[in-house]
Amino acid sequence: MEAEYMALCLATQEAVWLIEIMKNFKFIQHNPIIIHEDNQACIEFANHNVHHAKSKHIQQRYHYTREVVKKGDIKLAYIPTSENPADIMTKPLTPQKHLPHFLRLMTFLSPSGDLEIDKVPRFNTI
């Protein structure tokens, strides 16, 4: 759980950085940023101020996520491992499991305006 919690803290820092950048552009954030996490223990640990044997060695600086969740700037949501598109970058998957995640990530790409980049063929979702 420690590595997942540390990664969650880094994602939280990135989210807060994006919030601050958007404030500079006068963009008003009405809803919290949702960070998807596939580790339910991390979500529970960040949402509730509980300590147990598995968490006593986590350094204080990684508890930043708790503060930001309490403030309401981010919200943690569970995503099952089978539906997590980030798994194609972190786990060895069979082609049958890899392709749906790959196509899901490709739908987030929009035309860039660069003719060379936009020549890359688009994939249709199944």
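The values are calculated or read from the model by the stated rules, or taken from the named source; none is laboratory data. Being a predicted model, the structure only gives us computed values, none of them experimental. Cβ coordinates were reconstructed from backbone atoms using ideal geometry, including for glycine residues, and neighbour counts include every protein chain displayed.
Annotations for the structure displayed:
- Selection within segment 31-54 - assigned to a loop (DSSP other than H, G, I, E, B) and either touching a strand residue (DSSP E or B) at 6+ places or on another chain (Cβ under 8 Å) or at pLDDT 85 or above (or both): Asn31, Pro32, Asp38, Asn39
- Members of segment 55-69 that are at pLDDT 85 or above and of a type in the set (S, T, N, Q): Thr65
- When segment 15-30 is filtered for residues that are assigned to a helix (DSSP H, G or I) and of a type outside the set (Gly, Ala, Ser), the ones remaining, listed by number, are Val16, Trp17, Leu18, Ile19, Glu20, Ile21, Met22, Lys23, Asn24.
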